[in-house]
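J.: Below you'll find the structure I mean.
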Amino acid sequence: MEFTCNILFFLLLLLSSNLLTLFISTTFYSSSCSLNSQLQTTAATVDEPDLPSEFVAFTSPQKLPLGFNRNFDSEEILPSVGSSCTILQRDLRRYMSYQVNGSCPDDELLSQKLLLKGCEPLPRRRCRPSAPRHAVEPLPLPDCLWTTPSDASVVWSAYTCKNYTCLINRGRDQKGFDDCKDCFDLGGRESRRWTGHAASNLDFTIDEVLATKPPGTVRIGLDIGGGVATFAVRMRERNVTILTSSMNLNGPFNNFIAARGVVPLYVSISQRLPFFDNTLDIIHSMHVLSNWIPTQLLHFMVFDIYRVLRPGGLFWLDHFFCVGDELENVYTPLIESVGFRKVQWEVGRKLDRGEELNEMYLSALLEKPLNNSW
Ligand SMILES: *[C@@H]1O[C@H](CO)[C@@H](O)[C@H](O)[C@H]1NC(C)=O
Ligand SMILES: *[C@@H]1O[C@H](CO)[C@@H](O)[C@H](O)[C@H]1NC(C)=O
Ligand SMILES: *[C@@H]1O[C@H](CO)[C@@H](O)[C@H](O)[C@H]1NC(C)=O
């Protein structure tokens, strides 16, 4: 043991030319043999990053079979993954260990964790995703819009609940916080959202919002963090096509959205919106954009929303929440810096967790100007 440590220490001396490192190493050396793992880490990252072979296979440059391509301005393609993938080595290794041409492991929790930590987009894999054993065809339109889908179309392993009945009841039965806890109950509060049974000035209705634009000119859009996509369903009833971005945080949100017959987008709030500049008519977001998001990230996000909205497009910021004077000091200036025109701006107290917390809501309808957007 003593001997091993001596050799390791010597190797470390060879590796480090930095005097501070030397000093720290010496201090460590005198007390323990913990240098071993340290050295291995150093060697691994310096020499060859020890990445899973399927990850290397996917991300390494791929020669274009027909040679140089003018659109790509290159003769090869470099498939992209999130910048943090290689930092999250242990999880990445588990994620990319699978049988090529075979079935993927049932690892939804792992992939979502990687993704939320910044490995987004995830690398592609060459395996078939785990699938429900006894899947059924979806209900036809329009029944699917407001009917709880079959349990048989979901792989339930990643969630506390193992069926939709459990998810519907969890608003009443379960303690603790879950995202969108009562959303799966389509007969409950979900059925009344944005329809005019509003309790406060913060609850705009869809018809009110659509009426701010010439009839029929709001046609396509996005709902960011849209729960079970009731917003998209309500808009579909008005012939507006809305995509709904959602994670699967302790519930099969993406499956549920798809089962209702509207389109789910599995992208986190960190990712650049996958739309071209000046294209969408409307972007809505309720309860998601709030003070839990790092302020600088939020600033980038609101600019990205502005980017993809077409001139004259609407950003409906629905129940943004924050505390006390944050609204005045941080968020109002942040939103104002982007360049929207305020169509409606309503501020109110958020009282569900108690008055003493001094929580605030902002509901705003913002328009990207038709002209002069620079
Ligand atoms: C997977 O399929 C491809 C295409 O047929 C084949 O070239 C490859 O050898 C297969 N790999 C394995 C590990 O089965
Ligand atoms: C749904 O799951 C709960 C437990 O989560 C179980 O008690 C119940 O029997 C299940 N219901 C159906 C219809 O499968
Ligand atoms: C939606 O489109 C259909 C088919 O074009 C039409 O019959 C219906 O009236 C429209 N609904 C609304 C709310 O505009």
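Every number in this text was worked out from the coordinates using simple rules, so none of it is lab data. Note that the structure is a prediction, hence the values are computed from the model and not measured. Reconstructed Cβ throughout: ideal geometry from the backbone, glycine too, with neighbour counts over all protein chains shown.
J.: Suppose a student asked you for the relative contact order of the range 265-352, using Cα pairs under 8 Å spaced at least 6 residues apart; what percent would you report? Please report the intermediate quantities before stating the final value.
T.: Numbers: 77 pairs, mean separation 30.2, N = 88.
It rounds to 34 percent for the range 265-352.
J.: Separate question: At 0.36 nm per residue, minus the direct Cα-Cα distance, what do Thr147 and Thr279 gain on full extension? Give it in nm, one decimal, please.
T.: Details: separation 132, 0.36 × 132 = 47.52 nm, distance 3.19 nm.
The span from Thr147 to Thr279 would gain 44.3 nm if fully extended.
J.: Pairs Lys213/Lys368; Lys63/Lys117; Lys175/Lys350; Lys181/Lys368; Lys113/Lys368; Lys117/Lys342: which exceed 24 Å Cα-Cα?
T.: Numbers: Lys213/Lys368 12 Å; Lys63/Lys117 30 Å; Lys175/Lys350 21 Å; Lys181/Lys368 33 Å; Lys113/Lys368 34 Å; Lys117/Lys342 34 Å.
Checking Cα-Cα distances, Lys63/Lys117; Lys181/Lys368; Lys113/Lys368; Lys117/Lys342 exceed 24 Å.
J.: Given all pairs of different Cα atoms, what value in angstroms does the Kirkwood hydrodynamic radius of the range 201-315 take?
T.: Values: mean 1/r = 0.0685 Å⁻¹.
Hydrodynamic radius (Kirkwood, Cα only) of the range 201-315 equals 14.6 Å.
J.: Sorting check: for 63-73, 257-267, which peptide has the highest mean count of neighbouring beta carbons within 10 Å, and how do the rest follow?
T.: 257-267, 63-73
J.: I would also like to ask the following. Could you list Val209, Val330 in order of exposure, starting from the residue whose Cβ has the fewest other Cβ atoms within 10 Å? Can you show the working numbers first?
T.: On the way: Val209 19, Val330 15.
So the ranking, lowest neighbour count to highest, is Val330, Val209.
J.: Identify which of Tyr361, Tyr98, Tyr306 has the largest mean-square fluctuation in a Gaussian network model of the chain, with springs joining Cα atoms closer than 10 Å.
T.: Tyr98
J.: Give the value in nm², to one decimal: projected area of the alpha carbon convex hull of the chain, averaged over all directions.
T.: Working: hull surface 109.1 nm².
Averaged projected area of the chain's Cα convex hull equals 27.3 nm².
J.: Here is a follow-up. With the contact rule set at Cα under 8 Å and sequence spacing of 6 or more, what percent relative contact order holds for the range 97-160?
T.: Numbers: 53 pairs, mean separation 22.0, N = 64.
Reported as a whole number, the value is 34 percent.
J.: How many percent of all Cα-Cα pairs in the range 53-116 sit more than 17 Å apart? Don't jump to the answer; show the numbers that get you there.
T.: Values: 1050 of 2016 pairs.
The share of Cα pairs beyond 17 Å in the range 53-116 comes to 52 percent.
J.: Further question on the same structure: Any idea how far apart Phe72 and Asn371 come out in nm if each label point goes 7 Å out from Cα toward Cβ?
T.: 4.3
J.: Relative contact order for the chain: what is it in percent, counting Cα pairs under 8 Å that are at least 6 residues apart? Don't skip to the end; give the middle numbers.
T.: Numbers: 550 pairs, mean separation 36.2, N = 374.
Relative contact order here is 10 percent.
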